[in-house]
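Heads up, the thing below is written out as structure tokens.
The values are calculated or read from the model by the stated rules, or taken from the named source; none is laboratory data. Every value quoted in this text rests on a predicted model; they were computed, and no experiment measured them. Quick reminder, even Gly has a Cβ in these numbers, built from the backbone with ideal geometry, and neighbours come from all protein chains shown.
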Amino acid sequence: MPNNQLLQLGILLTFIGIIAIFLSLASAAGKGNAKFSVVGFLGFIPFGFASDRKMLLIGILLTAIAATATILILRSYKA
């Protein structure tokens, strides 16, 4: 896949994610039961905080999957 197509795919996925967030917020409006999770990596060490333990574990799992996919994709391109 050429770099231009990867860039377009990344932009498309970003917009789909933003739309999904807004749809989620709209469907939960007025319920007052929002949960959140913020997860990231500092080098190879995962960190995060959340309002619920289950949300934190889901966030860490999704971040680990994304990091693994990124590493596999980058290894497939040998410059």
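Assorted remarks:
- Set Leu23, Leu12: member being surrounded by fewer than 12 Cβ atoms within 10 Å (Cβ to Cβ), within 14 Å of the chain's Cα centre (by Cα) and among the aliphatic types (A, V, I, L, M): Leu12
- Top-ranked residue in the range 34-46 [being modelled with pLDDT under 80 and not aromatic (Phe, Trp, Tyr); ranked as nearest to the chain's Cα centre (by Cα)]: Pro46
- Thr70 falls short of the stated requirement of being in contact (Cβ under 8 Å) with a residue 24 or more places away in the chain and either polar (S, T, N, Q) or in the same structural domain as Asn3 (by TED's automatic domain parsing) (or both).
- Comparison of Asn4, Asn33 shows that the only residue that is loosely packed, with under 10 Cβ neighbours inside 10 Å, assigned to a helix (DSSP H, G or I) and out of contact with any Ser or Thr (no Cβ under 7 Å at 6 or more places or on another chain) is Asn4.
- Per-region count, the range 9-33, residues of a type in the set (S, T, N, Q) and modelled with pLDDT of 90 or more: 1
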